[in-house]
Amino acid sequence: MSNSNYFNQALHDMVFENACGAAIKRLADKSFPISYIVKELDYPISFERVQKYVWQYYLDNKTIIYPDNEIDYTEENGIITIKKSGIKKTFIKEQGPYGKTTFRQIVTEDNDVYLNNHTNSPDNKYVVCNFGELKYSNLNEYESMLNNLNKEDRTYIADLPWQNKKIYHILNDRLKSIYNSLRASNKK
């Protein structure tokens with residue numbers, strides 16, 4: 001990428017962030033569907049741009065996580081709970097024999113540091129979302145599953161760019177509603 005293209009992209013991203021980044025994040029935090037967010041913006045922007053931005057925001061603030069080795073969790077009945085462990089770095093101010101001040105680093109385990117940096121869920125619960133796997137392997141079953149949801153929940157799931165792999169989504173009110181609807185439809 002040339003310097004002028006790099007500069008233009010950086011400028012475009014800055015304008016985008018200033019024009020509508022905070023509004024998108026606020027609406028995404030309330031679990032609004034992407035198509036609703038696009039309609040609410042005063043700034044004209046494509047659905048795909050907002051979709052990409054929301055997905056990255058969800059990854060950054062740990063609304064959506066990929067299962068990996070960096071996160072220590074337990075799984076029970078499709079719900080994972082992130083274990084509360086982390087590392088806290090503190091510095092101790094020490095004064096040497098000739099009056100020279102130095103700082104020594106102390107590394108300890110701290111639950112709050114891990115939770116604040118790795119999740120926005122007070123109880124650290126996530127649910128397995130195989131919507132992408134279902135969409136790419138059996139489109140008819142995916143559409144049937146969407147038809148069992150209310151309009152807003154269906155739009156929320158359909159608007160997100162699910163990948164063809166297992167993904168964990170934070171167990172918020174939106175996902176509780178979705179899973180309750182799916183559970184009720186499976187009992188019929």
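Quick look at the values:
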read-out	value
Stokes-Einstein D for the range 1-61, Kirkwood Rh over Cα pairs, 10 °C, 1.306 mPa s (µm²/s)	130
Centre separation in Å (Cα based) which lies between the range 16-49 and the range 126-162	21
Least to most buried among 34, 65 (fewest other Cβ within 10 Å first)	65, 34
Whole-percent pair-distance distribution, where bins are 10 Å wide, for the alpha carbons of the range 120-172	24, 51, 22, 3
Of 16, 41, 3, farthest towards positive along the dipole that unit charges on Lys, Arg, Asp, Glu beta carbons give the range 1-61	41
Relative contact order of the range 1-61, defined on C-alpha pairs under 8 angstrom at six or more residues apart (%)	28
FRET efficiency, 1/(1 + (r/R0)^6) with R0 45 Å, evaluated for residue 187 and residue 7 via beta carbons	0.20
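Throughout, read-outs are computed from the coordinates displayed, never taken from laboratory work. Quick caveat: nothing in here was measured; it's all calculated off a predicted structure. Note that each Cβ is placed from the backbone with ideal geometry, even for glycine, and that neighbours are counted across all protein chains shown.
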